[in-house]
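The values are calculated or read from the model by the stated rules, or taken from the named source; none is laboratory data. The model shown is predicted, which means the values in this text are computed figures rather than measured ones. Please note: Cβ atoms are built from the backbone with ideal geometry, for glycine as well, and neighbour counts cover all protein chains shown. Calculation scope for accessible area: heavy atoms of the full protein, side chains included, ligands and nucleic acids excluded. Shrake-Rupley method; radii C 1.70, N 1.55, O 1.52, S 1.80 Å.
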Amino acid sequence: MSSTLTAAPVHQVPAMLLAAGRGERMRPLTDICPKPLLEVQGLPLLQWHLQALAQAGVDRAVINTAWLGEQISERFSSYFGLQGAPDKRYQLSISYSHEGMDFGGALETAGGIARALPQLGPVFWLAAGDVFAPDFVFDAQAVQAFEASGHLAHLWLVPNPAHNPRGDFGLTATGLALNLPADDPAPRYTYSTIALLCAELFAAPWCDIPPGNPAGVAAPLAPLLRRAMDQGRVGASLYTGRWTDVGTPERLAELNR
C-alpha cells in the first residue's frame, strides 16, 4: 500500500464494517481471536480497511460485532489515525454495534446493517472485515456517481475464485448487476462484499425490518439486493485488484507466505 497521502476529498460518506461472524471455517484460529483481527502481513484484516477508508477521507465508521466482539473494540477503540498523517483529515472515528452484547449473537448482514442504520446515513460504504483487498480505493468520485444514479446499491464484483466457481451476479455492459436464473448460461461474478448502499434499501418494499432492528431480527442481505436488481436498481463494477475472501486457514497462510 502506498504511503503517499492525497488531499482529502470534498465529499465522503460513513462506512460500515462487518465484523460479527463466528468464523467457523477458520477454527481453531477463531476460537480465541475474532476473524477480523487475524493478521495478514503483520496487520489485522480489519485494519487494512480502516487504513484505506482513512486515506480516502472517510471520517466515520461503524463496526458490528458479536463473536469475541470486545476484542475488536479494545483493539481499535473509538479512533483510528493514519501513521504520519499531516492533519485531522485522515482521522477516522469508530463506533460499534454490539450485536452479541445486545442480542446474544450476530444478526447476519441485513439484520446487522438495519441495526446500525441510525449510526450511518442516507448513503454509506459497506465492507466485510474478513476480506483482504489492499488495492481497493473507497473513492469519493464513486460516491458522487452513485448518489446521482438513483440506484439503491452499487456492488464491486470480482472474477470468480476457486471456492465460488459459479459466481453470484451477472453484469451488463452498462454497469447493472443482474439476478440471473440458476440455469442462465451468462457469465457471473463474485460479490466482493464491498459496496455503496442507500439506507432506502432497508425500508419497504425491499426490507421489512424496522429502523434500528429493535427486535434483533437476523436476515441476509442477498435477497434485498436481488429484489432491487429485478427492478434495475443495483449498479456494479468489476474489480480486478488483489482480493481474497480469507475464509480458511489455508487462504490466510497463503497470504502470509
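Taking the residues in the range 151-173 that are closer than 20 Å to GLN141 by Cα and of a type outside the set (A, V, I, L, M, F, W, C) as candidates, determine which candidate is nearest to the chain's Cα centre (by Cα).
HIS154
For the condition within 22 Å of GLN12 (Cβ to Cβ), of a type outside the set (S, T, N, Q) and in contact with a Pro (Cβ under 8 Å, 6 or more places away or on another chain), what is the one hit in GLY150, GLY129?
On the way: GLY150 fails: in contact with a Pro (Cβ under 8 Å, 6 or more places away or on another chain).
Within the list GLY150, GLY129, the selection yields GLY129.
Residue-by-condition table, conditions (1) in a helix (DSSP H, G or I); (2) surrounded by fewer than 21 Cβ atoms within 10 Å (Cβ to Cβ):
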site	(1), (2)
VAL62	no, no
SER73	yes, yes
PHE80	no, yes
ILE113	yes, no
GLY121	no, yes
PHE124	no, no
PHE138	no, no
PRO161	no, yes
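With the structure loaded, tell me whether ASP130 is surrounded by 21 or more Cβ atoms within 10 Å (Cβ to Cβ), among the charged types (D, E, K, R) and touching a residue at least 60 places away in the same chain (Cβ under 8 Å) or whether it fails that test.
Answer is yes for this residue.
Before we move on, is LEU117 touching a Phe, Trp or Tyr at 6+ places or on another chain (Cβ under 8 Å) and open to solvent by less than 40 Å² (accessible area, probe 1.4 Å)?
Against the criterion (touching a Phe, Trp or Tyr at 6+ places or on another chain (Cβ under 8 Å) and open to solvent by less than 40 Å² (accessible area, probe 1.4 Å)), LEU117 qualifies.
For the range 163-177, name all the residues that are assigned to a loop (DSSP other than H, G, I, E, B) and of a type in the set (Gly, Ala, Ser).
Hits for the range 163-177 are GLY167, ALA173, GLY175.
For the range 95-107, does any single residue satisfy the condition of being at pLDDT 90 or above, among the hydrophobic types (A, V, I, L, M, F, W, C) and part of a strand (DSSP E or B)?
No, the range 95-107 contains no residue that is at pLDDT 90 or above, among the hydrophobic types (A, V, I, L, M, F, W, C) and part of a strand (DSSP E or B).
Restricting the range 1-21 to residues that are at pLDDT 75 or above and assigned to a loop (DSSP other than H, G, I, E, B), which is farthest from the chain's Cα centre (by Cα)?
Checked the range 1-21; the qualifying residue farthest from the chain's Cα centre (by Cα) is HIS11.
Scan the range 204-250 residue by residue and report those that are open to solvent by 40 Å² or more (accessible area, probe 1.4 Å) and in contact with an Asp or Glu (Cβ under 7 Å, 6 or more places away or on another chain).
ALA218, PRO220, ARG242
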